[in-house]
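Everything below concerns the one structure shown next.
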Amino acid sequence: MRRIIGVGETVLDIIFRDDQPVKAVPGGSSFNAIISIGRTGTPCIMATEVGDDHVGDIVTNFLKDNNVDTSYVFRSKGTQSHISLAFLDNNNDAQYQFYKNHAVLTMHKKMPDVNKGDVVLFGSYFAVNPNLREYVSTFLKKAKERGAILFYDLNFRASHIKDLPEITEYILENMRQASIVRGSAEDFMNLYNSKDVNYIYKEHIAPYCACFIYTDAANPIQLRTPNIAASFPTKNIKTISTIGAGDNFNAGFCRALIKENVTQPQSLCNMTEEQWKPLINTGQRFSAAVCQSLDNYVPKDFIAG
């Protein structure tokens, strides 16, 4: 049985509108995706760390309630969970402030076993954090060796631009391990000060990973592979919040890899545009569903298809 394995940090997102808190929900890039995947009944695991506190209890119970295997949710005595403040603007886009304590790290413990055909979803600063790099890198290399499909979401925030001299090589290492790299227009402005998709792919992605997905809010999604340069239009929807939009594109895409029986990383480069279409479309459907609520994940009654 194929599984989707999410690797990343978990935070409690406190959402503000007009400077007033309106909701608090567990979040994190891979976390949001895995909750949505769990709600579809797809076998999935979340490898993360949370604090030894009430927020950690909330997060762990939430994962269990949404059909996610919590065997690799690590907690150390005396640690605090991470908090994120998300401030929605007039367009319902969010600006973030993070409150994190990496003084005690627990991800060095045993990571999930990975089987051929499994999908590993990873990214954000968690995947390049120097304090975690040894453990994350070892896991990704082993997952690739065992024939898993590795989906890397850069999700690179402006707050980490100052860290680029230290972490650039880690980003490139992650791309080398990845089967697919996805990034948003914001990510590439932060990393390369460019929104030119062809330039980004040719100069910064293709030398390391052959398959690339570029998203830019409501603008068409761009796909680049050695044989394809394709654009997929997005649907015009009324948004309530864009928090989790990209994460849930990842969720839908990764689930579609299993539904469409894409089992081998090397087969991605040989797929036609028509074969990529259901993967991209499923990602869009998940993303659109999330944008129409204040939750970070698809509704429990969401029809995954």
Next on the checklist: If I filter region 15-33 for residues that are surrounded by fewer than 19 Cβ atoms within 10 Å (Cβ to Cβ), under 27 Å from residue 292 (Cβ atoms) and small (Gly, Ala, Ser), do I get at least one hit?
Outcome noted: yes
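Among the candidates 206, 217, 178, single out the residue that is hydrophobic (A, V, I, L, M, F, W, C) and more than 18 Å from the chain's Cα centre (by Cα).
Just one listed residue meets the conditions, 206.
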Checklist entry - Counting only residues that are outside any helix (DSSP H, G or I) and in contact with a strand residue (DSSP E or B) (Cβ under 9 Å, 6 or more places away or on another chain), which one in region 194-209 is least open to solvent (accessible area, probe 1.4 Å)? => result 209
Checklist outcome for this item: Here, helices (runs of 4 or more DSSP H) confined to region 97-193 with at least 1 residues that are touching a residue at least 24 places away in the same chain (Cβ under 8 Å), open to solvent by 30 Å² or more (accessible area, probe 1.4 Å) and of a type in the set (Ser, Thr, Tyr) are 133-145, 164-177
Next on the checklist: Suppose the filter is farther than 19 Å from residue 194 by Cα, out of contact with any helix residue (DSSP H, G or I) (no Cβ under 6 Å at 6 or more places or on another chain) and outside any loop (DSSP other than H, G, I, E, B); does residue 240 pass it?
Outcome noted: no
Checklist outcome for this item: Considering region 1-14, residues that are open to solvent by 40 Å² or more (accessible area, probe 1.4 Å) and of a type in the set (A, V, I, L, M, F, W, C), and then whichever is farthest from residue 289 (Cα to Cα), we arrive at 1
Checklist outcome for this item: From the option list 241, 293, 267, 287, single residue qualifying as in contact with a Cys (Cβ under 9 Å, 6 or more places away or on another chain) and of a type in the set (Gly, Ala, Ser) is 241
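Take residue 213 and decide whether it is assigned to a strand (DSSP E or B) and in contact (Cβ under 8 Å) with a residue 40 or more places away in the chain. I'd like the intermediate steps shown before the answer.
On the way: assigned to a strand (DSSP E or B): yes; in contact (Cβ under 8 Å) with a residue 40 or more places away in the chain: yes.
Against the criterion (assigned to a strand (DSSP E or B) and in contact (Cβ under 8 Å) with a residue 40 or more places away in the chain), residue 213 qualifies.
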Checklist entry - Is there a residue being out of contact with any Pro (no Cβ under 9 Å at 6 or more places or on another chain) and open to solvent by less than 10 Å² (accessible area, probe 1.4 Å) anywhere in region 51-64? => result yes
Checklist entry - Taking region 228-262 on its own, how many of its residues are more than 30 Å from residue 16 (Cα to Cα), of a type in the set (Val, Ile, Thr) and touching a strand residue (DSSP E or B) at 6+ places or on another chain (Cβ under 8 Å)? => result 2
Checklist entry - Taking residue 220, is it closer than 30 Å to residue 258 by Cβ and surrounded by fewer than 19 Cβ atoms within 10 Å (Cβ to Cβ)? => result yes
Checklist entry - Mind checking which residues of region 58-80 are touching a Gly at 6+ places or on another chain (Cβ under 7 Å) and either outside any loop (DSSP other than H, G, I, E, B) or at pLDDT 95 or above (or both)? => result 66, 67, 68
Checklist entry - Just checking, how many residues over region 81-119 are of a type in the set (Val, Ile, Thr) and modelled with pLDDT of 85 or more? => result 3
Next on the checklist: Here are the criteria: (1) at pLDDT 95 or above; (2) of a type outside the set (Ser, Thr, Tyr); (3) open to solvent by less than 10 Å² (accessible area, probe 1.4 Å). Tell me which single one residue 243 does not satisfy.
Outcome noted: (1)
Next on the checklist: I'd like to check something: does region 26-38 contain any residue that is of a type outside the set (S, T, N, Q) and assigned to a strand (DSSP E or B)?
Outcome noted: yes
Item to check | Condition met for residue 289 (within 16 Å of residue 38 (Cβ to Cβ), touching a helix residue (DSSP H, G or I) at 6+ places or on another chain (Cβ under 8 Å) and open to solvent by less than 30 Å² (accessible area, probe 1.4 Å)) | outcome: yes
Checklist entry - Quick check: anything in region 227-234 buried (at least 22 other Cβ atoms within 10 Å of the Cβ) and either without any contact (Cβ under 8 Å) to a residue 60 or more places away in the chain or of a type in the set (S, T, N, Q) (or both)? => result no
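The values are calculated or read from the model by the stated rules, or taken from the named source; none is laboratory data. Every value quoted in this text rests on a predicted model; they were computed, and no experiment measured them. Cβ sites come from the backbone with ideal geometry, for glycine too, and all protein chains shown count toward neighbours. Only protein heavy atoms, including side chains, enter the accessible area calculation; ligands, DNA and RNA are left aside. Shrake-Rupley method; radii C 1.70, N 1.55, O 1.52, S 1.80 Å.
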